[in-house]
Amino acid sequence: MEEFARTILDELDYTKERRNLERYAQNLADTEGVRIPRVYPQASGREVLTLEYIEGVRVDDLAGVQGYGLDPAQLAGRMARLLFRSAFGWGFFHADPHPGNFRVTPQGELVLLDFGMVGHLSRPERGRLLELVLAVVDSDAVRAADRLAELGVPIAPGQATAFRHDLERLLYQYIELPIGQMPMGDILGRFLEIVRAYQLHLPAHLSILAKTIMMAEG
(Lines give C-alpha, C1' and ligand atoms only; values in the text may rest on other atoms or scores of the structure.)
Protein backbone atom coordinates (compact mmCIF):
# COMPACT_ATOMS: atom_id res chain seq x y z
CA MET A 1 0.00 0.00 0.00
CA GLU A 2 2.87 2.36 0.80
CA GLU A 3 4.43 1.73 -2.62
CA PHE A 4 1.16 2.43 -4.44
CA ALA A 5 0.65 5.54 -2.30
CA ARG A 6 4.06 6.84 -3.39
CA THR A 7 3.20 6.03 -6.99
CA ILE A 8 -0.08 7.95 -6.79
CA LEU A 9 1.63 10.96 -5.21
CA ASP A 10 4.24 10.86 -7.99
CA GLU A 11 1.39 11.01 -10.51
CA LEU A 12 0.37 14.38 -9.05
CA ASP A 13 3.76 15.91 -9.96
CA TYR A 14 3.70 16.56 -13.70
CA THR A 15 7.42 17.32 -13.85
CA LYS A 16 7.99 13.63 -13.04
CA GLU A 17 5.47 12.54 -15.65
CA ARG A 18 7.21 14.77 -18.19
CA ARG A 19 10.56 13.09 -17.44
CA ASN A 20 8.95 9.66 -17.78
CA LEU A 21 7.36 10.63 -21.09
CA GLU A 22 10.58 12.05 -22.52
CA ARG A 23 12.59 9.01 -21.42
CA TYR A 24 10.07 6.66 -23.03
CA ALA A 25 10.11 8.73 -26.23
CA GLN A 26 13.90 8.50 -26.30
CA ASN A 27 13.72 4.71 -25.98
CA LEU A 28 11.29 4.66 -28.91
CA ALA A 29 13.45 6.85 -31.14
CA ASP A 30 14.14 4.02 -33.63
CA THR A 31 10.71 2.37 -33.37
CA GLU A 32 8.22 2.87 -36.20
CA GLY A 33 4.48 2.90 -35.68
CA VAL A 34 4.53 4.18 -32.08
CA ARG A 35 4.25 7.83 -31.12
CA ILE A 36 4.58 9.86 -27.92
CA PRO A 37 3.04 13.37 -27.81
CA ARG A 38 5.52 16.25 -27.79
CA VAL A 39 5.67 18.35 -24.60
CA TYR A 40 5.23 22.14 -24.66
CA PRO A 41 7.68 23.10 -21.87
CA GLN A 42 6.72 26.77 -21.84
CA ALA A 43 3.15 25.77 -20.90
CA SER A 44 4.04 22.98 -18.48
CA GLY A 45 5.09 22.74 -14.84
CA ARG A 46 4.49 20.83 -11.64
CA GLU A 47 0.70 21.17 -11.85
CA VAL A 48 0.19 21.38 -15.62
CA LEU A 49 1.45 19.22 -18.48
CA THR A 50 0.65 20.52 -21.97
CA LEU A 51 1.02 18.03 -24.80
CA GLU A 52 0.74 18.02 -28.56
CA TYR A 53 -2.74 17.16 -29.84
CA ILE A 54 -2.76 13.98 -31.94
CA GLU A 55 -5.87 12.94 -33.84
CA GLY A 56 -7.04 9.39 -33.26
CA VAL A 57 -9.49 7.00 -31.60
CA ARG A 58 -9.24 4.92 -28.43
CA VAL A 59 -7.57 1.58 -28.96
CA ASP A 60 -10.76 -0.24 -27.89
CA ASP A 61 -12.91 1.64 -30.42
CA LEU A 62 -13.10 -1.26 -32.87
CA ALA A 63 -15.40 0.57 -35.28
CA GLY A 64 -13.03 3.53 -35.34
CA VAL A 65 -9.93 1.36 -35.75
CA GLN A 66 -11.52 -0.62 -38.57
CA GLY A 67 -12.78 2.63 -40.07
CA TYR A 68 -9.13 3.59 -40.52
CA GLY A 69 -8.65 0.35 -42.47
CA LEU A 70 -6.58 -1.20 -39.65
CA ASP A 71 -6.58 -4.76 -38.30
CA PRO A 72 -7.32 -4.79 -34.53
CA ALA A 73 -5.50 -8.13 -34.11
CA GLN A 74 -2.29 -6.74 -35.61
CA LEU A 75 -2.62 -3.66 -33.43
CA ALA A 76 -3.04 -5.82 -30.30
CA GLY A 77 0.07 -7.79 -31.26
CA ARG A 78 2.06 -4.58 -31.64
CA MET A 79 0.89 -3.40 -28.21
CA ALA A 80 1.92 -6.72 -26.61
CA ARG A 81 5.37 -6.61 -28.22
CA LEU A 82 5.82 -3.02 -27.05
CA LEU A 83 4.89 -3.91 -23.47
CA PHE A 84 7.30 -6.83 -23.26
CA ARG A 85 10.07 -4.96 -25.05
CA SER A 86 9.78 -2.04 -22.65
CA ALA A 87 9.59 -4.22 -19.53
CA PHE A 88 12.14 -6.89 -20.40
CA GLY A 89 14.31 -4.95 -22.85
CA TRP A 90 14.52 -1.46 -21.35
CA GLY A 91 13.43 -2.22 -17.79
CA PHE A 92 11.15 0.83 -17.97
CA PHE A 93 7.47 0.37 -18.82
CA HIS A 94 4.10 2.12 -18.92
CA ALA A 95 2.29 0.77 -15.84
CA ASP A 96 -1.25 1.98 -16.51
CA PRO A 97 -2.21 0.48 -19.89
CA HIS A 98 -5.98 0.92 -19.80
CA PRO A 99 -7.68 1.69 -23.15
CA GLY A 100 -8.02 5.41 -22.40
CA ASN A 101 -4.23 5.75 -22.40
CA PHE A 102 -3.78 4.38 -25.92
CA ARG A 103 -4.87 6.04 -29.16
CA VAL A 104 -4.63 4.96 -32.78
CA THR A 105 -4.07 7.53 -35.53
CA PRO A 106 -5.59 7.34 -39.03
CA GLN A 107 -2.09 6.41 -40.25
CA GLY A 108 -2.04 3.38 -37.93
CA GLU A 109 0.35 4.80 -35.33
CA LEU A 110 -0.05 3.71 -31.72
CA VAL A 111 -0.06 6.73 -29.39
CA LEU A 112 0.78 6.33 -25.68
CA LEU A 113 -0.58 8.79 -23.11
CA ASP A 114 -0.30 9.31 -19.34
CA PHE A 115 3.14 8.39 -18.02
CA GLY A 116 2.33 9.21 -14.41
CA MET A 117 2.67 5.55 -13.42
CA VAL A 118 5.69 3.65 -14.72
CA GLY A 119 7.54 0.54 -13.63
CA HIS A 120 11.27 -0.15 -13.33
CA LEU A 121 13.15 -3.45 -13.51
CA SER A 122 16.90 -3.91 -13.10
CA ARG A 123 18.84 -6.05 -15.58
CA PRO A 124 19.20 -8.99 -13.12
CA GLU A 125 15.46 -8.81 -12.33
CA ARG A 126 14.62 -8.93 -16.03
CA GLY A 127 16.73 -12.06 -16.50
CA ARG A 128 15.12 -13.81 -13.55
CA LEU A 129 11.64 -12.79 -14.68
CA LEU A 130 12.27 -14.19 -18.16
CA GLU A 131 13.41 -17.44 -16.53
CA LEU A 132 10.22 -17.40 -14.45
CA VAL A 133 8.09 -16.95 -17.59
CA LEU A 134 9.88 -19.88 -19.24
CA ALA A 135 9.27 -22.02 -16.13
CA VAL A 136 5.55 -21.14 -16.29
CA VAL A 137 5.41 -22.01 -20.00
CA ASP A 138 7.11 -25.34 -19.22
CA SER A 139 4.73 -25.92 -16.26
CA ASP A 140 7.81 -26.43 -14.07
CA ALA A 141 6.61 -25.49 -10.57
CA VAL A 142 9.93 -26.29 -8.86
CA ARG A 143 11.88 -24.02 -11.21
CA ALA A 144 9.22 -21.32 -10.93
CA ALA A 145 9.41 -21.38 -7.11
CA ASP A 146 13.21 -21.14 -7.26
CA ARG A 147 13.04 -18.13 -9.57
CA LEU A 148 10.49 -16.48 -7.26
CA ALA A 149 12.87 -16.90 -4.33
CA GLU A 150 15.62 -15.22 -6.37
CA LEU A 151 13.22 -12.34 -7.09
CA GLY A 152 12.71 -11.69 -3.40
CA VAL A 153 9.69 -13.90 -2.63
CA PRO A 154 11.10 -16.13 0.13
CA ILE A 155 9.15 -19.30 0.93
CA ALA A 156 9.52 -20.77 4.41
CA PRO A 157 10.89 -24.34 4.39
CA GLY A 158 7.74 -25.61 6.07
CA GLN A 159 5.60 -24.13 3.27
CA ALA A 160 7.79 -24.97 0.27
CA THR A 161 6.31 -28.39 -0.57
CA ALA A 162 2.67 -27.26 -0.27
CA PHE A 163 3.38 -24.06 -2.21
CA ARG A 164 5.02 -25.95 -5.07
CA HIS A 165 2.14 -28.44 -5.10
CA ASP A 166 -0.44 -25.61 -5.44
CA LEU A 167 1.68 -23.90 -8.10
CA GLU A 168 2.07 -27.18 -9.99
CA ARG A 169 -1.69 -27.79 -9.89
CA LEU A 170 -2.25 -24.31 -11.35
CA LEU A 171 0.32 -24.65 -14.14
CA TYR A 172 -0.75 -28.15 -15.18
CA GLN A 173 -4.14 -26.76 -16.20
CA TYR A 174 -2.39 -25.00 -19.08
CA ILE A 175 0.29 -27.57 -19.92
CA GLU A 176 -1.18 -28.47 -23.33
CA LEU A 177 -1.63 -24.87 -24.49
CA PRO A 178 0.88 -23.20 -26.83
CA ILE A 179 2.29 -19.98 -25.41
CA GLY A 180 0.21 -17.87 -27.78
CA GLN A 181 -2.99 -19.24 -26.23
CA MET A 182 -1.96 -19.08 -22.57
CA PRO A 183 -4.20 -16.63 -20.67
CA MET A 184 -1.38 -14.86 -18.86
CA GLY A 185 -3.74 -12.49 -17.04
CA ASP A 186 -5.73 -15.41 -15.63
CA ILE A 187 -2.57 -17.31 -14.68
CA LEU A 188 -1.13 -14.24 -12.95
CA GLY A 189 -4.37 -13.54 -11.11
CA ARG A 190 -4.57 -17.08 -9.77
CA PHE A 191 -0.86 -17.06 -8.94
CA LEU A 192 -1.36 -13.91 -6.85
CA GLU A 193 -4.18 -15.68 -5.01
CA ILE A 194 -1.72 -18.45 -4.07
CA VAL A 195 0.86 -15.87 -2.96
CA ARG A 196 -1.74 -14.20 -0.73
CA ALA A 197 -2.92 -17.55 0.67
CA TYR A 198 0.63 -18.28 1.87
CA GLN A 199 1.03 -14.69 3.11
CA LEU A 200 4.13 -14.23 0.96
CA HIS A 201 5.54 -10.77 0.33
CA LEU A 202 5.64 -9.89 -3.37
CA PRO A 203 7.98 -6.94 -4.07
CA ALA A 204 6.04 -3.87 -5.18
CA HIS A 205 7.66 -3.63 -8.62
CA LEU A 206 6.58 -7.22 -9.34
CA SER A 207 3.02 -6.40 -8.23
CA ILE A 208 3.02 -3.42 -10.60
CA LEU A 209 4.30 -5.57 -13.47
CA ALA A 210 1.65 -8.25 -12.80
CA LYS A 211 -1.06 -5.57 -12.71
CA THR A 212 0.27 -4.10 -15.96
CA ILE A 213 0.23 -7.44 -17.78
CA MET A 214 -3.30 -8.23 -16.59
CA MET A 215 -4.54 -4.80 -17.70
CA ALA A 216 -2.79 -5.05 -21.06
CA GLU A 217 -4.24 -8.49 -21.76
CA GLY A 218 -7.71 -7.14 -21.06
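The values are calculated or read from the model by the stated rules, or taken from the named source; none is laboratory data. None of the values given here were measured: they were computed from a predicted structure. So basically every Cβ, Gly included, is an ideal-geometry build from the backbone, and we count neighbours across all protein chains shown. Ligands, DNA and RNA are stripped out before the accessible areas are found, and what is left, the full protein with its side chains, is counted by its heavy atoms. Shrake-Rupley method; radii C 1.70, N 1.55, O 1.52, S 1.80 Å.
Note on segment 44-58: among residues that are among the acidic types (Asp, Glu) and open to solvent by 50 Å² or more (accessible area, probe 1.4 Å), the one that is nearest to Phe84 (Cα to Cα) is Glu55. Does any residue of segment 197-208 turn out to be in contact with a strand residue (DSSP E or B) (Cβ under 7 Å, 6 or more places away or on another chain), under 26 Å from Met79 (Cα atoms) and open to solvent by 30 Å² or more (accessible area, probe 1.4 Å)? Yes, because at least one residue in segment 197-208 is in contact with a strand residue (DSSP E or B) (Cβ under 7 Å, 6 or more places away or on another chain), under 26 Å from Met79 (Cα atoms) and open to solvent by 30 Å² or more (accessible area, probe 1.4 Å). When Pro154 is tested against (1) closer than 24 Å to Phe92 by Cα; (2) touching a residue at least 24 places away in the same chain (Cβ under 8 Å); (3) of a type outside the set (D, E, K, R), exactly one condition is not met: (1). Against the numbered list (1) touching a residue at least 24 places away in the same chain (Cβ under 8 Å); (2) open to solvent by less than 70 Å² (accessible area, probe 1.4 Å), Tyr14 comes up short only at (2). Of the strands (runs of 3 or more DSSP E) that lie entirely inside segment 59-139, not one contains 3 or more residues that are open to solvent by less than 50 Å² (accessible area, probe 1.4 Å) and modelled with pLDDT under 90. Arg169 meets each of the listed conditions (1) under 22 Å from Ser122 (Cα atoms); (2) among the charged types (D, E, K, R); (3) more than 21 Å from the chain's Cα centre (by Cα); (4) open to solvent by 80 Å² or more (accessible area, probe 1.4 Å) apart from (1).
Of all the residues in segment 130-170, those that are under 14 Å from Val195 (Cα atoms) and of a type in the set (A, V, I, L, M, F, W, C) number 14.
Taking the residues in segment 20-43 that are in a helix (DSSP H, G or I), open to solvent by less than 60 Å² (accessible area, probe 1.4 Å) and in contact (Cβ under 8 Å) with a residue 12 or more places away in the chain as candidates, determine which candidate is nearest to Thr7 (Cα to Cα). Before you say what the answer is, go through the steps one by one.
At the first step, the residues of segment 20-43 found to be in a helix (DSSP H, G or I) are 20-27, 41-43.
After this cut, where a residue has to be open to solvent by less than 60 Å² (accessible area, probe 1.4 Å) as well, the list is 20-21, 24-25, 27, 43.
So of that shortlist, the ones also in contact (Cβ under 8 Å) with a residue 12 or more places away in the chain come out as 20-21, 24, 27.
Working: Asn20: 13, Leu21: 15, Tyr24: 17, Asn27: 22 Å.
Per the criteria, the residue is Asn20.
All told, Ala162 falls short of being buried (at least 18 other Cβ atoms within 10 Å of the Cβ), more than 30 Å from Arg6 (Cβ to Cβ) and out of contact with any Cys (no Cβ under 9 Å at 6 or more places or on another chain).
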